[in-house]
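Have a look at the structure below, then the notes.
The values are calculated or read from the model by the stated rules, or taken from the named source; none is laboratory data. It should be emphasised that the depicted structure is a prediction, and the values quoted were computed from it without experimental measurement. Glycine gets a Cβ as well: all are built from the backbone with ideal geometry, and neighbour counts include every protein chain shown. Surface accessibility is based on the protein's heavy atoms, side chains included, excluding ligands, DNA and RNA. Shrake-Rupley method; radii C 1.70, N 1.55, O 1.52, S 1.80 Å.
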Amino acid sequence: EDYNNDFDEQSISTAYGDANDAETDEEEEEDESDAEVVDEPSPTGMECIGLKLDEEWKNGSKHLWIQLVFDDDDKYYGYRIFLTNPDDDNDGQANVLVAGLFETPIQRGSKGAIIDCGLRQVIGFVSCDKKNSWATMGMMDSANARSNCIHCMQPQSTYKTNFPDWMVKHAQDNGLENPKLEAKVADELKDYPSRCREHSNSFMYQKLQEETNNGNNTYSGDDLRDIREKHGCVVNDPLLDIHPSKQTFGALHNGAGLENHLKNNMDAKMAKIDAKKIRGEMTWLEKVDKAQERCRDIIRQLKRPLKELKKKATSKQKQIVSSRMNIQRAMSSSRLPSVTDASVEYMHEKLDELVAQKKEIDNEYGKKSRQNKGADALLKFIQSYLSSKKPKGQAQWAFRKAIEIAGSKFNPQHGGMDLSHAHGLLMLEKWSEIVERVSEAYESGEKREMVVQAMKESQEIATPLFEMNKLLKSQQKWDGAMIEQLKNNCYHVFFNWLEFFDNQGVFPKLHDAAWHIPEFIIEYGMYGILSEESFESRHQVHKKLAAILAFIPNVRLRVEVFTQRLQIYGHPDIEKLNSELKAKTTKGPRKPYNREKQDNTLSISQLEIEMDGDDILIDKNMCLEPELYEVYNMCARGIVPTSWRQIFGKRDELDGNQKLKAEYSSQT
């Protein structure tokens, strides 16, 4: 029956009198977890039913008691549920969990009748990124850990050989030929235990401490890894014991993670094709290495000439100063009679010769100095370029640029390479267009065939992944048709991934998608509604608080303070104050650019000024050899070679702005 939530312990005694003579002839329906009805002494003056929950309560010492309250008209008016320990004084008053009034009094029935008190379980789900889950659950913070799943104890080494039962059944029901599944006999497939009960992280950590003598024992690297694997890679005392059934595996981060993994894997494949050496062709990185060596040669070759020119210029300058002083003395009023006008004129001619020689030396020194500075600057740009995440070849650049032209934008975080979930979905939706554009990265030859083949095979992953992630993002209640569609897409994503990226192990997000997410959806009939994207924007607050509280050495205390302050930040009044503070301390919009302001940089036309037909001026103080200019453009200015951007420049479906963007490699 329904009940009033406002009913409490005090209202029982005031509304219905003393319940000392209460009798309960009803038996409650047993809990699904084999709850055992025990004959324990009831609290003073009360006759109740006690349910002993052996597996759920430590040592079976806690008991759940239900008290039904009735009065003289032989009707139940309310109930109390509380905890008590039979070994104590049987005073359960301090352990009341919940109490309520029935909306309609219930007639006391015969023995064995069941009364529904209308209780409902409040379920909470964990929704966060994998790294947060690892830290909260005390696990090793690495995808390379031997046991990295937050749900089960399955070793990472079995991810590629052990498959869930639903995949086997799906292949059989749909007549799908799969050598990987057919090679595994049904009895070889194994379900590993979940992280609960004797496999819970708290229990695993306790056992780990016992075996390692609280971490004081010394082990070799392999022995220590074996011990950690045996204990589920739990290396710290968990902050929370989270039941596996309440793990959502990050509805936002799981989908976005799979999208970014696909992008990164294809990016690496394109880079590998670019780096492949073909007879008679020079790769882009070989051109960059050649330019780097040429820069070093220039710096090394110019070191001595610059030193000699500087010495000559100093000597000529001293001669010029001496000549000028002689002329001044000769032209003074006290000059000797022997100094004629002809001799003064001769001295002027000699001075002019010295100045001309000095100017010639200065010009030569200036030219070589600019060459030296240009080579030194380019050398630094090349070193920065090689250590960056910028594209290192034509196909890799075309792949990234095709993603941008399709509409997706790279986030500035993590080196500007990651996509948000929304932009990741957009990338998958436009994948066929990306395949078409990237396939034209090379006009002909072996590399073109390799690029076309790789992009074509990637479509077999992108298409079902797009459909799967759309389903996982759905806010609707799941039905049987949606679950079957999810299984079909997940099946093809998983096995196509293993086949196409055969050198890559099964990473945690792919393992979750195959093993645990379908199981979770079948259990609860929902998924996207549990996504953490609603509070993803709070990351800036998280980072500030983490920096402020980093000095607290105790992890548990630091997390408690962090959580408390995070809740304070969510208070409307605090939010208002923060908004006002941000408005007063944040700079306003950027002012319009002043085009009349002198700029030290040079335009493209100025950059093409030639000096003596050999070198190209890149700055008023630097110049380069023409063959180095293409490398300079890419490494220093982000302008890709002309041959690269032709694949986008000749496409009619791109507007002028998109074609202009295709000239630059941007931050990617």
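Here are some notes:
- Single residue of segment 252-286 satisfying the filter (small (Gly, Ala, Ser) and over 14 Å from the mean Cα position of the chain (by Cα)) that is farthest from Pro155 (Cα to Cα): Gly280
- Only listed residue being open to solvent by less than 60 Å² (accessible area, probe 1.4 Å) and in contact with a Lys or Arg (Cβ under 7 Å, 6 or more places away or on another chain), chosen from Ile382, Ile320: Ile320
- Of the candidates Leu386, Leu378, the single residue that is in a helix (DSSP H, G or I), among the aliphatic types (A, V, I, L, M) and within 30 Å of Val451 (Cα to Cα) is Leu386.
- Restricting Ser534, Ser458, Ser444 to those that are hydroxyl-bearing (Ser, Thr, Tyr), open to solvent by 20 Å² or more (accessible area, probe 1.4 Å) and part of a helix (DSSP H, G or I) reduces the list to Ser534.
- Test for Glu198: is it more than 33 Å from the chain's Cα centre (by Cα), under 29 Å from Ala514 (Cα atoms) and free of Cβ contacts under 8 Å to residues at least 40 places away in the same chain: no
- Within this structure, Ser142 passes the test of being part of a loop (DSSP other than H, G, I, E, B) and either open to solvent by less than 20 Å² (accessible area, probe 1.4 Å) or without any contact (Cβ under 8 Å) to a residue 60 or more places away in the chain (or both).
- Candidate set: segment 145-171, residues that are basic (Lys, Arg) and closer than 19 Å to Val493 by Cβ; chosen: the one least open to solvent (accessible area, probe 1.4 Å): Lys160
- Of everything in segment 172-190 that is modelled with pLDDT under 75 and not in a helix (DSSP H, G or I), the residue that is least open to solvent (accessible area, probe 1.4 Å) is Lys184.
- Residues that are open to solvent by less than 40 Å² (accessible area, probe 1.4 Å), assigned to a helix (DSSP H, G or I) and under 17 Å from Gly525 (Cα atoms) within segment 461-489 comprise Met468, Asn469, Leu471, Leu472, Met482, Ile483, Leu486, Lys487, listed in sequence order.
- Positions within segment 421-440 being touching a residue at least 60 places away in the same chain (Cβ under 8 Å) and farther than 16 Å from Glu259 by Cβ, in sequence order: Arg437, Val438, Glu440
- Residue among Ile552, Ile574, Ile568, Ile529 that is in a helix (DSSP H, G or I), out of contact with any Gly (no Cβ under 6 Å at 6 or more places or on another chain) and at pLDDT 85 or above: Ile529
- Gly416 passes every criterion in (1) at positive phi; (2) out of contact with any Phe, Trp or Tyr (no Cβ under 6 Å at 6 or more places or on another chain) apart from (2).
- Output for segment 202-222, where each listed residue is open to solvent by less than 80 Å² (accessible area, probe 1.4 Å) and closer than 21 Å to Thr158 by Cβ: Met204
- Check on Leu302, at pLDDT below 95, more than 18 Å from Pro626 (Cβ to Cβ), open to solvent by less than 70 Å² (accessible area, probe 1.4 Å) and part of a helix (DSSP H, G or I): no
- Some residue of segment 458-466 being of a type in the set (Val, Ile, Thr) and modelled with pLDDT of 95 or more: yes
- Screening Ser338, Ser369, Ser388, Ser315 for residues that are over 60 Å from the mean Cα position of the chain (by Cα) and open to solvent by less than 70 Å² (accessible area, probe 1.4 Å) leaves exactly one candidate, Ser315.
- Odd one out for Leu426 among (1) in a helix (DSSP H, G or I); (2) under 28 Å from Glu293 (Cα atoms); (3) not β-branched (Val, Ile, Thr): (2)
- Condition met for Asp222 (not polar (S, T, N, Q) and not in a helix (DSSP H, G or I)): no
- Residue within segment 502-511 that is open to solvent by 60 Å² or more (accessible area, probe 1.4 Å) and either of a type in the set (A, V, I, L, M) or part of a helix (DSSP H, G or I) (or both) present: no
- Taken over segment 259-299, the criterion of being surrounded by fewer than 17 Cβ atoms within 10 Å (Cβ to Cβ), of a type in the set (Lys, Arg), in a helix (DSSP H, G or I) and in contact (Cβ under 8 Å) with a residue 12 or more places away in the chain is satisfied by Lys287, Arg296.
- Contacts under 9 angstrom Cβ, first residue in segment 474-485 being farther than 9 Å from Gly528 by Cα, partner open to solvent by 80 Å² or more (accessible area, probe 1.4 Å) and in a helix (DSSP H, G or I), 6 or more apart: Lys477/Ile529; Trp478/Ile522; Ile483/Ile522
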